[in-house]
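Here is the structure we will look at, set down as structure tokens.
The values are calculated or read from the model by the stated rules, or taken from the named source; none is laboratory data. Treat the numbers as computed from the prediction; the structure is a model and nothing was measured. Neighbour counts are summed over all protein chains in view; Cβ atoms, including those assigned to glycine, are modelled from backbone coordinates with ideal geometry.
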Amino acid sequence: MNNKPRVLVMGATGQVGGSVASLLAREPQLEVVAAARNPAKASYLGVPVVLLDLDKIETFAPALEGIDRLFMATGYTVDMLRQSKDLVNMAKRAGVKQIVHLGACGDDDTRVAHYGWHQFIERYIEWSGVMFTHLRPEIFMQNLLGYADRFRY
């Protein structure tokens, strides 16, 4: 019987989720599972891949089956509120023990809509009773370096 915690990483085909999945896969005490809307696009990660499409709630329960920890990264639209609420509810029902939520920077009294949406999601995760970690990055170095190409003379 495998007693390793199973970690589901959302956004596995993106920059952040892909990096998280690759780094966690190096940890022998964890079993990493990548979540993707298109599982074929995540096959290069070398970890099991499950279908998880935030626009299709019917994909949530199968993707969360047997998952202990969830790295939660969502899109940046107002739909993320509904999608995240549904995902948190399903994660709790599935017995997920911890949610690590990739949010956005900003004070709790922010007036920036995108930051506020993430903060509503943070409060919902907290309200769910599932153990949580909120990440509020300001910027990612790979994004910053990507901007440098625009300014070459």
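General remarks:
- Residue that is nearest to the chain's Cα centre (by Cα) [pool: residues in the stretch 53-86 that are of a type in the set (Asp, Glu) and farther than 29 Å from VAL112 by Cβ]: ASP68
- Scanning the stretch 69-97 for residues that are touching an Asp or Glu at 6+ places or on another chain (Cβ under 9 Å) and crowded, with 16+ Cβ neighbours inside 10 Å turns up GLN83, ALA94, VAL96.
- Among the residues of the stretch 93-113, those identified as among the hydrophobic types (A, V, I, L, M, F, W, C), under 16 Å from PHE60 (Cβ atoms) and outside any loop (DSSP other than H, G, I, E, B) are ALA94, ILE99.
- Taking first residues from the stretch 101-113 that are touching a residue at least 40 places away in the same chain (Cβ under 8 Å) and surrounded by 13 or more Cβ atoms within 10 Å (Cβ to Cβ) and partners that are assigned to a loop (DSSP other than H, G, I, E, B) and β-branched (Val, Ile, Thr), the Cβ contacts under 9 Å between residues at least 6 apart in sequence or on separate chains come to LEU102/THR74.
- Residue in the stretch 63-83 that is nearest to MET10 (Cα to Cα), counting only those that are among the polar types (S, T, N, Q) and modelled with pLDDT under 95: THR74
- Identity of the residue in the stretch 130-147, under 20 Å from ASP108 (Cα atoms) and outside any strand (DSSP E or B), that ends up modelled with the lowest pLDDT: ILE139
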